Ligand code: GDP
């Protein structure tokens with residue numbers, strides 16, 4: 001599969017609207033500002049296919065991109081907006097949890113974790129929630145270029161250590177940087193391998 005062939009397919013505001021039940025979905029989620037749009041764009045070698053953070057308060061949608069009819073990349077709304085009302089936050093979170101619990105074709109959701117900062121409680125809680133609900137998940141660290149290597153590695157190790165208590169076997173863990181492109185090819189290769197396109 002060639003990720004640069006990605007095309008925007010559609011947006012959904014409710015899980016019930018998702019009709020395609022065959023194409024495997026590789027989803028991406030994270031706190032707002034984690035670098036999700038940048039990572040999806042880097043994977044697809046595009047400048048602005050995935051739109052950088054829609055402002056908190058705006059409607060949050062699930063955006064789906066098609067890769068040559070083989071898989072869909074699913075851009076989920078960011079979680080953990082501190083500045084929106086409780087009602088709006090519950091609305092986004094409802095959409096996210098509905099999708100993760102009900103999508104029949106979700107192959108994996110990559111939870112994006114900013115490697116330039118120490119483990120954040122909201123991320124740990126989200127990973128724990130996915131684990132408890134048997135949502136198929138992987139971890140993709142972002143922004144590995146941003147801080148000194150020593151600090152980045154300490155942050156990633158601390159995160160892995162924290163989440164190891166939630167799992168008997170750790171989920172797949174990848175390291176990426178949209179800026180330096182570190183790990184972007186590996187992410188694409190990993191997805192291809194899962195689909196048997198080696
Ligand atoms: P989103 O809200 O999760 O979609 O995050 P964005 O992709 O919009 O990125 C949020 C901010 O982080 C922007 O200022 C990006 O330039 C920056 N950013 C994203 N990826 C990287 C990266 O790999 N390295 C560094 N240093 N900054 C990044």
ask   = Can you spot a residue in the stretch 114-134 that is in contact with a helix residue (DSSP H, G or I) (Cβ under 9 Å, 6 or more places away or on another chain), touching a residue at least 40 places away in the same chain (Cβ under 8 Å) and in a strand (DSSP E or B)?
value = yes
task = State which residue pairs qualify: first residue farther than 13 Å from residue 153 by Cα and inside the stretch 170-185, second residue at pLDDT below 95 and exposed (fewer than 15 other Cβ atoms within 10 Å of the Cβ) in any location, beta carbons under 6 Å apart, and separation of 6 or more residues or different chains.
result = none
Residue in the stretch 15-49 that is nearest to the chain's Cα centre (by Cα), counting only those that are assigned to a helix (DSSP H, G or I) and within 16 Å of the ligand (Cβ to nearest atom) = 36
remark   = The condition from (1) within 14 Å of the ligand (Cβ to nearest atom); (2) modelled with pLDDT of 90 or more; (3) surrounded by 21 or more Cβ atoms within 10 Å (Cβ to Cβ) that residue 99 misses is numbered (1)
ask   = Is it the case that some residue within the stretch 105-113 is in a loop (DSSP other than H, G, I, E, B) and at pLDDT below 95?
value = yes
inquiry  = With the requirement that a residue be within 16 Å of the ligand (Cβ to nearest atom) and at pLDDT below 95, what does the stretch 124-159 give you?
reply    = 126
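The values are calculated or read from the model by the stated rules, or taken from the named source; none is laboratory data. Just so it is clear, the structure is predicted and the values come from calculations on it, not from any experiment. All Cβ positions, glycine included, derive from the backbone under ideal geometry; neighbour counts span all protein chains shown.
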